[in-house]
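Single-structure report; data block below.
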Amino acid sequence: MSWFSFSWQNFWFSYLALAFEGLPFVLVGALVSGAIAAFVPSRTITRFLPKNHLLANLVSGLLGLIFPVCECGIVPVVRRLLDKGLPFSCGITYMLASPIVNPLVIISTYAAFRGQAPEWNTAIRLLSGYFVAVLVGLSVIKINPARVLRTGSGRAALRKRSVLSIATLPEAAPDNPRATFIQRLIAAIQLASEDFIDTAIYFMIGAAVAAVFNTAVDQKVILPLANNVFLSTTSMMGFSAILTLCSTSDAFIAATFVSFPIVARMAFLVFGPMFDLKLFFLYSVLFRKRFVVLLGVGLFLLIGIISAVILPQVYAFVGG
Amino acid sequence: MRLLVAKVLNGITLLGLGGVLISFCLKGRIDQYLHPQFRSWVLIGGIAFCVAGTIYLMAKKSMDCCVDGECVHTNRQNPWRAAAAFGLIVLPLTAGTYLSKDGYDKQAVLNRGFVQDVSKLPGRNTIGSANAQQGIPPGALGADQDERASAEPPLPQNSSSGGPPKALAKASDPPQTNGNADDGSEQYLPRAADGNVALEVTDLLYGENEESLRKEFTGKTIEVVGQYLPGSKPNEFKIVRMLIVCCAADARPIAVSVQAQKEVSAADMSWVKVIGTAEFQESGGGKAKVTFKAAEIEPTDPPQDAMLY
């Protein structure tokens, strides 16, 4: 029997199932993002930060709980916050943590891992993401932002990358006292609609790839890969980088890779929201290429080590 | 003009997406794709997409949405990107609506491989919780009130529609059983209309790990409904069910081997009702391997929920 046997019947069934399960969650994420954009002034975020660097980083990693912005919308938010004086390290921490440490991702991860110890898997994903984000944030405290931020970052940089769609906190909407509630609501829905469409494109591509993988590939072929913690972890991280899924819905994809050990799937869920193909381009809007590459390599190594070395111990401890 | 075209395309994308989702819900097809807990979200999502799409199309002017008024939502301005979004989101879903057969074929089952140890399935670490979701009423195995409330009734085991079933194979001498006498199990073992014990494939597989269940099942005339998958010999086959946790994409095939007394002929993955007895061969460590000895095999309609949860 061939290792690959594609069938349209199987593809459509798996693809539609993934779409039906994940799209409502993508919509919820987009609606929240739109509501924040229309109703919350951006300076509100900086009010929460303490003066102390360490504490500020620890708090920055949790900002996503109050201001949930997924990875598609986080870059312009961070750029905006940096412009307003947010410490660089805090910006990095918030940028990496927010796509994971936010209520929508908590809900979707819990739902996706239903029947697979959802409380533990959700908690471990959150803590791993938070830990990695804070660690990376602290590691760049000494870096001079001018060396890694693109010169003229902001409008010029965004224009150069106008092929990418980015949701941001608007200046006009929340800060305009003359805007009525209805105007803000309509703006929120418009923004949410556009954010949804931008995100759903990637989600549908990811769902198609996952559907082919899950139905056409003989799972016995990948068992050697899946049975090795190192290989399965690195391959799942590579997979997450290619699939470029939204963090609000990636758990639904990850949960279906049942042949892979949970630590590999957790690497998928932590690495993907922090660095993937889409984010490589998005980060390039804000940072110099060299920094983006180093960030990607660093995250790959850090999350790989955590997933392959520490998480098995954690799962053994919690009985997973 | 470009802005208008892009706006219309985006609005149609949202409305089309909502239409597909609502259509699947109203036709009941969504039941084949998702766990019951997720189904209502699809309907709510479909309505929300339609509302958002309508507002998006009707709103005259949007507020400046991006940094300093420089909008980087390029698909709003770029009709090509909006067309690409329409092509990647709505067209595949619409095509799937017409092309999907709402189920897997034999190849997907073989590619995924059968679950070898049913006790290791997600969420099925205990026999009590497992059977709470299957045919055996949870009260029989000490399930709590919440489990009872969520337990589903036994699947319909008759083939009422389409007239009387035509037997695919029938033994000349049905296996001798000690009947389904009232030995206490009458209280909790689910029964089909003809009095046979109506079990799921999962119930039989749990019997492999649980001696008390084996005692309950042994000697009774049992009915099992599943999908037919041919075996290596003409009189051997498997009855397969797909077990899902969230959606059909994570479905795992589970199967019980069946031995008929003569050659069986049925289409791959067609639904059959098998009546017979379960035989458990001890394999050590308190476990056993189940083989279902079929006395009668009939084609049947798919159950309302084709997937097990």
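Condition check ((1) out of contact with any Lys or Arg (no Cβ under 7 Å at 6 or more places or on another chain); (2) among the aliphatic types (A, V, I, L, M); (3) at the interface with chain B (Cβ under 7 Å from one of its Cβ atoms)) across all residues:
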site: A:GLN183; (1), (2), (3): yes, no, yes
site: A:ALA188; (1), (2), (3): yes, yes, no
site: A:SER193; (1), (2), (3): yes, no, yes
site: A:TYR202; (1), (2), (3): no, no, no
site: A:VAL209; (1), (2), (3): yes, yes, no
site: A:PHE213; (1), (2), (3): yes, no, no
site: A:LYS220; (1), (2), (3): yes, no, yes
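The condition of being under 18 Å from A:PHE25 (Cα atoms) and either within 14 Å of chain B (Cβ to nearest Cβ) or modelled with pLDDT of 85 or more (or both) holds for only one of A:THR93, A:THR109, that being A:THR109. Within region A:262-318, restricting attention to residues that are in contact with a strand residue (DSSP E or B) (Cβ under 8 Å, 6 or more places away or on another chain) and assigned to a helix (DSSP H, G or I), the residue that is farthest from A:ALA133 (Cα to Cα) is A:LEU286. Among the candidates B:THR221, B:THR177, the residue that is over 24 Å from B:TYR309 (Cβ atoms), in the same structural domain as B:ASP301 (by TED's automatic domain parsing) and modelled with pLDDT of 90 or more is uniquely B:THR221. If only one of A:THR215, A:THR256, A:THR233 is touching a residue at least 12 places away in the same chain (Cβ under 8 Å) and either within 17 Å of A:GLY129 (Cβ to Cβ) or among the hydrophobic types (A, V, I, L, M, F, W, C) (or both), which one is it? After applying the criteria, what remains is A:THR233. No other residue among A:ALA172, A:ALA179, A:ALA187 is modelled with pLDDT under 50 and not basic (Lys, Arg) apart from A:ALA172. Every condition in (1) surrounded by 15 or more Cβ atoms within 10 Å (Cβ to Cβ); (2) of a type in the set (S, T, N, Q); (3) at pLDDT 90 or above is met by B:ASN158 except one, and the failing one is (3). Report yes if A:THR215 is touching a Ser or Thr at 6+ places or on another chain (Cβ under 8 Å) and within 21 Å of B:ALA248 (Cβ to Cβ), otherwise no. Spelling it out, A:THR215 is indeed touching a Ser or Thr at 6+ places or on another chain (Cβ under 8 Å) and within 21 Å of B:ALA248 (Cβ to Cβ).
Which of the residues belonging to region B:34-63 are modelled with pLDDT under 90 and under 17 Å from B:THR13 (Cα atoms)? Correct list: B:ALA59 only. Determine if region B:31-51 includes at least one residue that is polar (S, T, N, Q) and more than 10 Å from chain A (Cβ to nearest Cβ). The answer is no; no qualifying residue exists.
Residues that are of a type in the set (Lys, Arg), within 14 Å of another protein chain (Cβ to nearest Cβ) and farther than 12 Å from B:TYR228 by Cβ occur at least once in region B:250-262. Among the residues making up region B:1-30, those that are away from every other protein chain (no Cβ under 11 Å) and either under 20 Å from the mean Cα position of the chain (by Cα) or of a type in the set (Phe, Trp, Tyr) (or both) are B:SER23, B:LEU26, B:LYS27, B:GLY28.
The values are calculated or read from the model by the stated rules, or taken from the named source; none is laboratory data. For clarity, every value in this text was computed on a predicted model and none was experimentally measured. Reconstructed Cβ throughout: ideal geometry from the backbone, glycine too, with neighbour counts over all protein chains shown.
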